[in-house]
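S.K.: Quick one: the structure is below, questions incoming.
The values are calculated or read from the model by the stated rules, or taken from the named source; none is laboratory data. These figures come from a predicted structure and were not determined experimentally. Quick reminder, even Gly has a Cβ in these numbers, built from the backbone with ideal geometry, and neighbours come from all protein chains shown. All accessible areas refer to the heavy atoms of the entire protein, side chains included, with ligands and DNA or RNA removed. Shrake-Rupley method; radii C 1.70, N 1.55, O 1.52, S 1.80 Å.
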Amino acid sequence: MIKQQEFEETINRVKEMSDFRDEVELMTHELIEKNEDVLGLCLMLFSWNFANMRNMLKTFTIHKFREVLEEIEPTFKELENERFETSDFHNLSKKISFIFNKLNPLIQHTGTSKVMYFKNPNLFVMWDTGIRKKWEIKEVDAKTPEGYISFLNLMKKEFSHIEWKNKEISFARAIDIYNFVINQEKIKTKRNSP
């Protein structure tokens, strides 16, 4: 089980890794607040999720992305007061599945989790290949809303005992930062080993 002090120390180490992504995160939040969701989310996807998006340039269209965002916006509105700490993901599974199934064909499962986080940073935890490997999520499961909901439930199980008092970042984002730092440190250790 992850201890409170370990969690907080790990999150503090992200400051040593600050880069362009931090600026993109702030800009994306600002653009969404100004109702420029498409612009903000495209900026984020093409910088935070560039490897996947590069492969999708032939099929991705901003027009279709805008249509999907408009279609799922009412569902995001229904979830806007939900918080990771208090939500029952089983009860939210139909709404989460609806959103996931609409986004996934356009931006794949990593991009989908990132859009879901930016649309509701208090509820959704992002994932990527490294995070899924760390938590032993099979790639076949990652392609389904059930796999993502299982991941959210796993994060809840692993982190629910943590007391998060920081008002500047949501607990869902703190969990993502923890996962990110652990994954980046693992990659760095592999690179530096003989």
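S.K.: Leaving out ligands, DNA and RNA, what percent of the accessible area of the range 112-173 is carbon and sulfur, probe 1.4 Å?
M.R.: On the way: 1350 of 2830 Å².
Accessible surface attributable to carbon and sulfur in the range 112-173 totals 47 percent.
S.K.: Taking a ≥ b ≥ c as the square roots of the eigenvalues of the Cα gyration tensor of the range 146-194, is the shape rounded (a/c under 1.5), prolate (a/b larger than b/c) or oblate?
M.R.: Numbers: a/c = 2.79, a/b = 1.56, b/c = 1.79.
Oblate, because a/c is 1.5 or more while a/b does not exceed b/c.
S.K.: Taking θ = phi - 60°, what integer Hz values does the Karplus form 6.51 cos²θ - 1.76 cosθ + 1.60 yield along the range 98-110, in sequence order, with x for Gly and Pro?
M.R.: 4, 4, 4, 5, 6, 7, 3, x, 8, 10, 6, 6, 5
S.K.: Write out the chymotrypsin sites (Phe, Trp or Tyr not before Pro) in the range 110-151 meeting two conditions: DSSP loop, and at most 14 other Cβ atoms within 10 Å of their Cβ. Could you put the intermediate results ahead of the total?
M.R.: Values: sites: Y117, F118, F124, W127, W135, Y148, F151; in loops: F124, W127, W135.
Filter output for the range 110-151: W135.
S.K.: Let me ask you something else. Is there a pair in K138/K186; K3/K114; K119/K157; K77/K186; K3/K190; K77/K188 whose C-alpha atoms are over 30 Å apart, and which pairs would that be? All intermediate terms of the calculation are to be shown ahead of the outcome.
M.R.: Numbers: K138/K186 19 Å; K3/K114 26 Å; K119/K157 23 Å; K77/K186 37 Å; K3/K190 25 Å; K77/K188 39 Å.
With Cα atoms farther than 30 Å apart: K77/K186; K77/K188.
S.K.: Do any trypsin sites (Lys or Arg not before Pro) in the range 107-156 lie in a DSSP loop with no more than 14 other beta carbon atoms within 10 Å, and if so, which? List each step's numbers first, then the result.
M.R.: Numbers: sites: K114, K119, R132, K133, K134, K138, K143, K156; in loops: K138, K143.
When the trypsin sites (Lys or Arg not before Pro) of the range 107-156 are filtered for loop state and at most 14 Cβ neighbours within 10 Å, K138 remain.
S.K.: Each residue of the range 73-90 in turn: what ³J(HN,Hα) in whole Hz from Karplus with 6.51, -1.76, 1.60 and θ = phi - 60°, glycine and Pro shown as x?
M.R.: Once rounded to whole Hz, the list reads 3, x, 5, 4, 4, 5, 9, 4, 9, 6, 10, 3, 4, 10, 7, 9, 5, 5.
S.K.: Still on this structure, please answer the following. To the nearest 500 deg cm²/dmol, what mean residue ellipticity at 222 nm is calculated for the chain from DSSP H runs of n ≥ 4 alone, each contributing -39,500 (n - 2.57), summed and divided by the residues? The partial results should precede the final answer.
M.R.: Numbers: 10 runs with 134 residues, N = 194.
-22000 deg cm²/dmol, from helical runs alone.
S.K.: Right, next: If you take the square roots of the eigenvalues of the alpha-carbon gyration tensor of the range 9-62 and sort them as a ≥ b ≥ c, do you get rounded (a/c under 1.5), prolate (a/b over b/c) or oblate? Show your work: numbers first, answer last.
M.R.: Details: a/c = 3.65, a/b = 1.46, b/c = 2.50.
Judged from the Cα gyration tensor, the range 9-62 comes out oblate (a/c at least 1.5, b/c at or above a/b).
S.K.: Follow-up. Determine ³J(HN,Hα), in whole Hz, for all residues of the range 156-168 in sequence, where each value follows from phi through the Karplus function 6.51 cos²θ - 1.76 cosθ + 1.60 and θ = phi - 60°; x replaces Gly and Pro.
M.R.: Coupling constants for the range 156-168: 5, 5, 6, 10, 5, 7, 6, 9, 10, 10, 5, 8, 7 Hz.
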